[in-house]
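Notes follow once the structure below has been shown.
The values are calculated or read from the model by the stated rules, or taken from the named source; none is laboratory data. What you see is a predicted model, and the numbers here were worked out from it, not measured in a lab. In this analysis, Cβ positions are derived from the backbone assuming ideal geometry, glycine residues included, and neighbour counts consider all displayed protein chains. The accessibility values were calculated without ligands, DNA or RNA, using every heavy atom of the protein model including side chains. Shrake-Rupley method; radii C 1.70, N 1.55, O 1.52, S 1.80 Å.
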Amino acid sequence: MTVITNHLPTAELQALDAAHHMHPFTANGELAEKGARIITRAKGVTLTDSEGNEILDAMAGLWCVNIGYGRDELADVAARQMRELPYYNTFFQTTHVPAIALANKIADLAPGDLNHVFFAGSGSEANDTNIRMVRHYWALKGKPSKSIIISRKNAYHGSSVGSGSLGGMTAMHEQGGLPIADIHHIDQPHWWAEGGDSDPEVFGLERAQELEKAILALGEDRIAAFIAEPIQGAGGVIVPPASYWPEIQRICDKYEILLIADEVICGFGRTGNWFGSETVGITPHIMTIAKGLSSGYAPIGGSIVCDEVAAVIADGEFNHGYTYSGHPVAAAVALENLRIIEEEGIIAHVRDVAGPAMKEAWESLADHPLVGEARIVGLMGSIALTPNKDTRAPFAADAGTAGFICRERCFANNLVMRHVGDRMIISPPLVITPEDISVLITRARKSLDEAYEILKEQDLLK
Ligand SMILES: *Cc1c(COP(=O)(O)O)cnc(C)c1O
């Protein structure tokens, strides 16, 4: 058998990858032609690839490596836990110390009466839990007709059948028979793309009031919950107008529907608070968590549940769970990650140092001829590419053409920045320093300049 190591030539690894590895969210045929980029190691905010390139990872992996790469403490904790108790389940009236300790720590950090944690292996699994939990909650309260969950178009809540249905990604719904029944999608508060000539705050209010309209149209007795990301991430880092969330909270309160905040990206410091709900000023009944919970060092997710919902669910058996719910190694790693975030003041660093430095630098990109708006909250930011800043016009090409060109230039300039359609997005490790930020902005500007020239050559700037 071939031993596959970092020492094989890149082309050989790429061929082996193409032969047997199916990549998620990828046109695998196309990738096989081109060859995947191979990442071999990482430290802090920097990735190294198999060609020795050092790349600034302005996406923190997939929005998850909050404390940065290369923290030996997490490796040590994982090794210790694997030796002591690599696995045991939490199904049949048993538990273990890592799950106990992590649930207690999360309850401690979460605001208000969000005091109970149902563990999962990922954000998708946690949102599947939420679908079943809120429907079961209402059934136990004698209102089984309350089964509809309202979500938003262009939301991302995961990729399983349930969580992909909650999400509002049409490209996902087109494949595999999604969405499942009783999920309803309203419009998103995306002023830049959909606000036309309206004032952003008026638009934000209108988009929030779509929730009330949907509740009245579908019938209050049919609605179980509303789910949303405090700030949409995968949809393009869409910062809602300030008017949006207070109105959503008012509507959820008025009609007594459960509010689920999907904190998978916003949680654990991303927006300058422990949770995005604190940043946007809402009080959810359930939070979905994953990603930054372990800074991606181990796969783990969960639902943080308020006292009232947990008390109702505690009546009888909730026929739900995952083999890896509260996995001891993942839980121990997550606990160590939270210790580092807390003891090293990483959230204060986002709020007081990296966030303000990034905001100034990021918003300065708005003077670039290709950039329409530059938005950032804490350390999640986006810029909208446009051929016309005044009209916010799209390009005369398929959506995503310009974004893809820009992303390819970023890669070539050793910067990982993603594109969602024609928005460029960042979500760097929270430990990013002001020095890293100036490198990031220099590379971003260079990439934008190069993308501009390419778009000009292709006659796409009209
Ligand atoms: C990534 C993500 C998920 C899904 O998490 P997985 O761990 O990939 O299953 C859910 N919600 C949001 C907001 C996400 O960004």
Checklist entry - Within the stretch 429-460, how many residues are open to solvent by less than 70 Å² (accessible area, probe 1.4 Å), more than 29 Å from residue 296 (Cα to Cα) and not in a helix (DSSP H, G or I)? => result 1
Checklist entry - If we only count strands (runs of 3 or more DSSP E) wholly inside the stretch 301-394, which ones have 3 or more residues that are buried (at least 20 other Cβ atoms within 10 Å of the Cβ) and without any contact (Cβ under 8 Å) to a residue 40 or more places away in the chain? => result none
Checklist entry - Any idea how many residues of the stretch 118-157 are away from the ligand (no atom under 15 Å from the Cβ) and without any contact (Cβ under 8 Å) to a residue 60 or more places away in the chain? => result 3
Next on the checklist: Quick check on residue 61: is it within 30 Å of residue 259 (Cβ to Cβ) and loosely packed, with under 13 Cβ neighbours inside 10 Å?
Outcome noted: no
Checklist entry - On the given criteria, is residue 403 surrounded by 20 or more Cβ atoms within 10 Å (Cβ to Cβ), of a type in the set (Gly, Ala, Ser), in contact with a strand residue (DSSP E or B) (Cβ under 8 Å, 6 or more places away or on another chain) and not in a strand (DSSP E or B)? => result yes
Checklist outcome for this item: Reported set for the stretch 254-275 where residues are on the phi > 0 side of the Ramachandran plot and either aliphatic (A, V, I, L, M) or away from the ligand (no atom under 16 Å from the Cβ) (or both) is 256, 272
Checklist entry - Just checking, which of 43, 34 is open to solvent by 50 Å² or more (accessible area, probe 1.4 Å) and without any contact (Cβ under 8 Å) to a residue 24 or more places away in the chain? => result 34
Checklist outcome for this item: Here the residues within the stretch 204-253 that are more than 16 Å from the ligand (Cβ to nearest atom), touching a helix residue (DSSP H, G or I) at 6+ places or on another chain (Cβ under 6 Å) and either in contact (Cβ under 8 Å) with a residue 60 or more places away in the chain or not assigned by TED's automatic domain parsing to the domain that holds residue 279 (or both) are 211, 215, 223, 224
Next on the checklist: Based on this model, can you work out whether residue 177 counts as of a type outside the set (Phe, Trp, Tyr), part of a loop (DSSP other than H, G, I, E, B), away from the ligand (no atom under 15 Å from the Cβ) and open to solvent by 60 Å² or more (accessible area, probe 1.4 Å)?
Outcome noted: yes
Next on the checklist: From the list 165, 160, 151, exactly one residue is of a type in the set (Gly, Ala, Ser), open to solvent by 10 Å² or more (accessible area, probe 1.4 Å) and either more than 26 Å from residue 102 (Cα to Cα) or within 19 Å of the chain's Cα centre (by Cα) (or both). Which is it?
Outcome noted: 160
Checklist outcome for this item: The helices (runs of 4 or more DSSP H) lying entirely within the stretch 1-117 that contain at least 1 residues which are out of contact with any Phe, Trp or Tyr (no Cβ under 9 Å at 6 or more places or on another chain), among the hydroxyl-bearing types (Ser, Thr, Tyr) and within 16 Å of the ligand (Cβ to nearest atom) are none
Checklist outcome for this item: Within the stretch 272-283, residues in contact with a strand residue (DSSP E or B) (Cβ under 8 Å, 6 or more places away or on another chain) and open to solvent by 10 Å² or more (accessible area, probe 1.4 Å) come out as 279, 282, 283
Next on the checklist: Considering only residues that are in contact (Cβ under 8 Å) with a residue 24 or more places away in the chain and not aromatic (Phe, Trp, Tyr), which ones fall in the stretch 85-94?
Outcome noted: 85, 86, 89, 90
Checklist entry - Taking interchain pairs and intrachain pairs at least six residues apart, which have beta carbon atoms under 7 angstrom, with the first residue in the stretch 277-289 and within 16 Å of the ligand (Cβ to nearest atom) and the second of a type in the set (Val, Ile, Thr) and assigned to a strand (DSSP E or B)? => result 279/377; 284/260; 286/260; 286/304; 286/305; 287/304; 288/260; 289/304
Checklist outcome for this item: Counting only residues in the stretch 105-117 that are touching a residue at least 12 places away in the same chain (Cβ under 8 Å) and among the charged types (D, E, K, R), the one surrounded by the most Cβ atoms within 10 Å (Cβ to Cβ) is identified as 105
